[in-house]
Amino acid sequence: MNRRAWAEPYKIKMVEPLRMTTRADRELAIARAGFNTFLLRSRDVYIDLLTDSGTNAMSDRQWAGLMLGDEAYAGSANFFHFESVVRRCYGYRHVIPTHQGRGAEHILSQMCIKDGDVVPGNMYFTTTKFHQELAGGRFVDVIVDEAHDPMSEFPFKGNVDLDKLKKLIDEVGADKIPYLSLETNVNMAGGQPCSLENIHDTCALCHRHGIKVFLDATRAAENCFFIREREAGQQDRPLAEILRDICSYADGCTVSAKKDGLVNIGGFLALNDDELADEARNLCVVYEGLHTYGGLAGRDLEAMAIGLQESLDYDHIRARIGQVQYLGRRLMNAGVPVVHPIGGHGVFIDAGAFLDHLPREQFPAQSLASAIYLDSGVRSMERGGVSAGRNPKTGKNVHPRLELVRLTLPRRVYTQAHLDVTAESIMAVFEQRKEVVGLRFTYEPKRMRFFQARFEPVEGTSVMRDTTDVHEPVLSPHD
Ligand code: F0G
């Protein structure tokens with residue numbers, strides 16, 4: 001008998017009822033949202049796979065921790081608990097809490113980047129790149145080529161291409177590069193990990209040139225799981241040990257604890273350099289709040305301290321990634337084009353291939369996210385041309401090679417039946433894919449346009465031509 005490789009190491013103690021919608025409800029809701037899933041109201045969403053950020057279910061221990069909130073303005077007991085956990089898990093001396101990841105990115109970018117600097121990274125993340133540019137820097141992608149190929153089975157598509165990095169250092173000079181930004185389990189590449197060896201070698205190369213390395217360790221726990229599964233010599237090592245190794249190579253990290261950290265809000269910057277840490281605390285006071293609360297309540301710091309520890313539990317991560325793999329395999333087996341290998345925090349549909357009748361100017365990923373919502377109330381996120389924005393110099397739309405729709409799984413939230421509903425909905429849209437209509441902007445914000453942009457279908461009023469019974473229920477009768 002073939003036995004399951006994983007199952008949830010928890011049971012459900014509390015439920016949050018969901019509203020079931022009809023196709024007519026959804027037709028109205030997506031049109032009101034300007035065909036942007038970010039602008040949907042959550043009450044109109046059945047299964048919310050927009051993001052794994054801040055959407056995780058906390059454990060009973062974390063909820064109990066909320067009751068231990070010490071809401072003193074300065075020197076809260078929860079800060080010292082949180083600080084000791086980060087020091088132990090990540091190994092850095094200085095810990096500065098922030099309201100979320102981008103708060104830490106802001107502080108780091110403002111401290112380290114000057115006008116005209118260059119910041120290499122293994123693919124961009126929207127907020128990270130934005131803060132680097134705001135501080136006067138220019139982001140340069142040095143990820144391996146495999147990361148841009150959705151069909152490549154390379155096991156470490158998050159790796160830095162050391163030759164690209166060397167070439168960049170030669171071209172612009174090390175003194176123009178304040179630090180390299182190294183993301184663990186690269187979000188925009190599809191949740192793809194870096195190998196421990198590559199992290200080591202990248203940091204060593206940077207340090208030889210006097211360039212610092214700051215990790216974006218937002219999904220480092222998931223990266224540690226892949227290292228343990230895939231990298232020679234790493235089997236059976238505790239995830240906490242692998243994380244300490246990763247952090248020991250770099251100079252510090254920014255973290256959004258809303259992902260692996262299992263909280264609804266929170267983040268931090270951690271580093272070893274005393275002078276930089278002093279500066280970071282100063283900026284924290286200005287932008288976030290006193291350096292012992294960083295824009296968070298004491299209770300949030302407590303929940304984060306507990307969540308960060310739970311995130312390194314092997315059974316937890318195995319079940320978390322097991323869920324993602326389950327959804328990914330169902331889609332793959334049905335012939336739906338998805339990014340290979342299936343990543344850590346979500347399944348990424350190759351919208352360019354899925355909707356190959358739509359030109360890139362009609363934003364296939366944005367259209368597909370709307371069509372999936374319309375079919376079943378499953379909310380996903382565009383990660384393609386709309387997210388990439390415009391080239392700041394030419395003003396032209398950037399069309400990245402990856403034009404993706406992300407189905408991101410919140411941790412400990414949905415059941416396997418929810419995943420089946422999701423897979424079956426996407427398979428249904430896939431069968432009718434030629435009926436999906438492209439989109440054009442009706443409103444385009446200047447910054448991070450994907451959050452608030454509005455669109456309309458290039459023909460007709462719906463994102464999907466109506467060929468079926470529009471009142472078909474989401475679930476088939478045998479469910
Ligand atoms: N770094 C990475 C890799 C992220 O994925 C995110 C957020 C951040 C930094 C910023 O953290 O949201 O706490 O300020 N990603 C979310 C997502 C928004 O949906 O992928 P934040």
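The values are calculated or read from the model by the stated rules, or taken from the named source; none is laboratory data. Note that this is a predicted model, so its numbers are computed, not measured. For neighbour counting, all protein chains shown are included, and Cβ atoms are generated from backbone atoms with ideal geometry for every residue, glycine included.
Observations on the structure shown:
- Within the range 138-180, tally of residues that are away from the ligand (no atom under 16 Å from the Cβ) and either over 18 Å from residue 203 (Cα atoms) or in contact with a Phe, Trp or Tyr (Cβ under 9 Å, 6 or more places away or on another chain) (or both): 15
- Scanning the range 119-137 for residues that are more than 13 Å from the ligand (Cβ to nearest atom) and buried (at least 18 other Cβ atoms within 10 Å of the Cβ) gives 119, 120, 135, 137.
- Failed condition for residue 262, given (1) more than 16 Å from the ligand (Cβ to nearest atom); (2) within 20 Å of the chain's Cα centre (by Cα); (3) within 22 Å of residue 182 (Cα to Cα): (1)
- Subset tally (residues that are within 15 Å of residue 189 (Cβ to Cβ) and either within 16 Å of the ligand (Cβ to nearest atom) or in contact (Cβ under 8 Å) with a residue 60 or more places away in the chain (or both)) for the range 323-341: 5
- Among the residues here, residue 248 does not qualify as touching a Gly at 6+ places or on another chain (Cβ under 8 Å) and within 16 Å of the ligand (Cβ to nearest atom).
- Residues that are within 16 Å of the ligand (Cβ to nearest atom) and in contact with a strand residue (DSSP E or B) (Cβ under 7 Å, 6 or more places away or on another chain), drawn from the range 100-112: 100, 101, 103, 104, 105, 107, 108
- Residues that are under 13 Å from residue 216 (Cα atoms) and of a type in the set (D, E, K, R) within the range 259-294 comprise 259, 260, listed in sequence order.
- The C-beta contact set for the range 14-38 (first residue touching a residue at least 12 places away in the same chain (Cβ under 8 Å), second residue of a type in the set (Lys, Arg) and part of a helix (DSSP H, G or I), distance under 8 angstrom, 6+ apart or interchain) comprises 19/43.
- So residue 198, is it of a type outside the set (Gly, Ala, Ser) and in contact with a helix residue (DSSP H, G or I) (Cβ under 6 Å, 6 or more places away or on another chain): no
- The single condition among (1) touching a residue at least 40 places away in the same chain (Cβ under 8 Å); (2) of a type outside the set (Val, Ile, Thr); (3) part of a helix (DSSP H, G or I) that residue 163 does not meet is (1).
- Check on residue 54, within 16 Å of the ligand (Cβ to nearest atom), modelled with pLDDT of 95 or more, surrounded by fewer than 19 Cβ atoms within 10 Å (Cβ to Cβ) and at positive phi: yes
- Candidate set: the range 211-227, residues that are among the charged types (D, E, K, R) and buried (at least 24 other Cβ atoms within 10 Å of the Cβ); chosen: the one farthest from the ligand (Cβ to nearest atom): 222
- Test for residue 255: is it aliphatic (A, V, I, L, M), assigned by TED's automatic domain parsing to the domain that holds residue 338 and either touching a Leu at 6+ places or on another chain (Cβ under 7 Å) or buried (at least 18 other Cβ atoms within 10 Å of the Cβ) (or both): no
- Unique residue being away from the ligand (no atom under 15 Å from the Cβ) and touching a Lys or Arg at 6+ places or on another chain (Cβ under 9 Å) when the list is 81, 94: 94
- Of the helices (runs of 4 or more DSSP H) that lie entirely inside the range 1-118, those containing 2 or more residues that are in contact with a Leu (Cβ under 7 Å, 6 or more places away or on another chain) and of a type in the set (Phe, Trp, Tyr) span 77-90.
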